[in-house]
Amino acid sequence: MVDETEADGAIAEIEQGNPQAENENAGQPASGVEETSNSRVTSADKLNMLQSIEVQLAVEVGRAKMTIKDLLLLNEGSVIELDRMAGDPLEIIVNGASIAKGEIVMVGDKFGIRFVDISEPEKIAQSL
């Protein structure tokens, strides 16, 4: 698995076209390809490395605000009213950033989520 430091470095090189490598390797392969002693590393290779990074996906049903006093009074059978209406799309969140809206579906005996509205890729990239 790729650690966060390696991923950040790969992302920075892809976004910036690796200007340091370009200056050091004038007349060498284009910025999308780096020469190493044993192999050539392309932007596609870097992208493939990024694809193995694990992310945390969560689905938010709704939110509620309450005082600590009210929180301490909760017990089995308590019901809390959420800020979302029944039937509203749910937020799909990746690493803390909202990327889409969806609806709950059944997949066998488990819950699943069907994506119904996906944010623009630029917005997703900025929020991650």
Next on the checklist: Every residue in region 64-88 that is closer than 30 Å to GLN126 by Cβ and modelled with pLDDT under 95, please.
Outcome noted: LEU82, ASP83, ARG84, MET85, GLY87, ASP88
Next on the checklist: Between a residue in region 42-60 that is closer than 12 Å to ASN95 by Cα and any residue that is at pLDDT 80 or above and among the polar types (S, T, N, Q), which pairs come within a Cβ distance under 9 Å, given they are 6 or more apart or on different chains?
Outcome noted: VAL55/ASN95; GLN56/ASN95; LEU57/ASN95
Checklist outcome for this item: Counting only residues that are under 18 Å from PHE115 (Cα atoms) and of a type in the set (S, T, N, Q), region 57-104 contains a total of 2
Checklist outcome for this item: Those residues of region 65-105 which are in a loop (DSSP other than H, G, I, E, B), surrounded by 10 or more Cβ atoms within 10 Å (Cβ to Cβ) and aliphatic (A, V, I, L, M) amount to MET66, LEU73, LEU74, ILE80, LEU82
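The values are calculated or read from the model by the stated rules, or taken from the named source; none is laboratory data. In this text, all values refer to a predicted model and were calculated from it rather than measured experimentally. Note that we place each Cβ from the backbone using ideal geometry, even for glycine, and neighbour counts take in every protein chain shown.
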